[in-house]
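Worksheet: one structure, shown below.
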Amino acid sequence: MKPVYVLNGPNLNLLGLREPAIYGTATLADVEALCKSHAEALGLGLVFRQSNSEGELVGWIHEAREKASGIAINAGAYTHTSVALHDALKAADLPAVEVHLSNVHKREAFRHTSLIAPAVTGVICGFGPQSYVLALSALHSFITANKKG
Ligand code: DQA
């Protein structure tokens, strides 16, 4: 099976330092380690990346279209603004999960709208780093059941 791509958007490189009351104290490296061990337990290959650039994220989704069996994406603030990420996810036509550490629906109104949600299979938010673990499990079950990717 092709690997799963876990893509992280803007400001997630500051995880652990940034607004710890909301996002917790785990760093992105901690989240990556958690994802690696869970992916290994599931027998999934993993590609884990972060970028502050919308264009780079679009490029990685295009790459995933050929090279991945699924995508988990925490698009950060681009979740709420990016038609380009929506279109790239549609074009990728892969099982995909929108992931958030925080429960965006408990927060400011501008975080209640996701432009990428209509382009993914499902959404997981509010469980901190465990949101990523849940996303990998969901992708694994979905890919296995649907034999897509
Ligand atoms: C986030 C939620 C977004 O609204 C915010 O812009 C982020 C992080 C989360 O993981 O909770 O950067 O995606």
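Structure values in brief
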read-out	value
All positions within the stretch 64-73 that are touching a residue at least 40 places away in the same chain (Cβ under 8 Å) and assigned to a helix (DSSP H, G or I)	A64, K67
Selection from the stretch 17-41 of residues that are of a type in the set (S, T, Y) and near the ligand (Cβ under 10 Å from one of its atoms)	Y23
Some residue of the stretch 51-63 being assigned to a strand (DSSP E or B), free of Cβ contacts under 8 Å to residues at least 60 places away in the same chain and touching a helix residue (DSSP H, G or I) at 6+ places or on another chain (Cβ under 9 Å)	no
Top-ranked residue in the stretch 139-149 [being assigned to a helix (DSSP H, G or I) and open to solvent by 40 Å² or more (accessible area, probe 1.4 Å); ranked as nearest to C35 (Cα to Cα)]	H140
Total residues in the stretch 38-61, condition of a type in the set (D, E) and crowded, with 16+ Cβ neighbours inside 10 Å	1
First in the stretch 74-97 and away from the ligand (no atom under 16 Å from the Cβ), second anywhere and open to solvent by 40 Å² or more (accessible area, probe 1.4 Å) and polar (S, T, N, Q), Cβ under 8 Å, 6 or more apart	P95/T121; P95/N146
The stretch 1-16: number of residues that are away from the ligand (no atom under 11 Å from the Cβ) and either of a type in the set (D, E, K, R) or closer than 18 Å to A68 by Cα (or both)	7
Residues satisfying the stated conditions in the stretch 90-130, i.e. open to solvent by 70 Å² or more (accessible area, probe 1.4 Å) and assigned to a loop (DSSP other than H, G, I, E, B)	D93, E108, H112, T113, T121, F127
Number of positions in the stretch 23-37 that are open to solvent by 30 Å² or more (accessible area, probe 1.4 Å) and either within 13 Å of G70 (Cβ to Cβ) or touching a Phe, Trp or Tyr at 6+ places or on another chain (Cβ under 8 Å) (or both)	3
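The values are calculated or read from the model by the stated rules, or taken from the named source; none is laboratory data. Just so you know, these numbers come straight off a predicted model, no measurement behind them. Heads up, the Cβs are rebuilt from the backbone with ideal geometry, glycines too, and the neighbour counts pull from every protein chain shown. Each accessible area value is taken on the protein alone, full model and side chains, heavy atoms only, with ligands, DNA and RNA left out. Shrake-Rupley method; radii C 1.70, N 1.55, O 1.52, S 1.80 Å.
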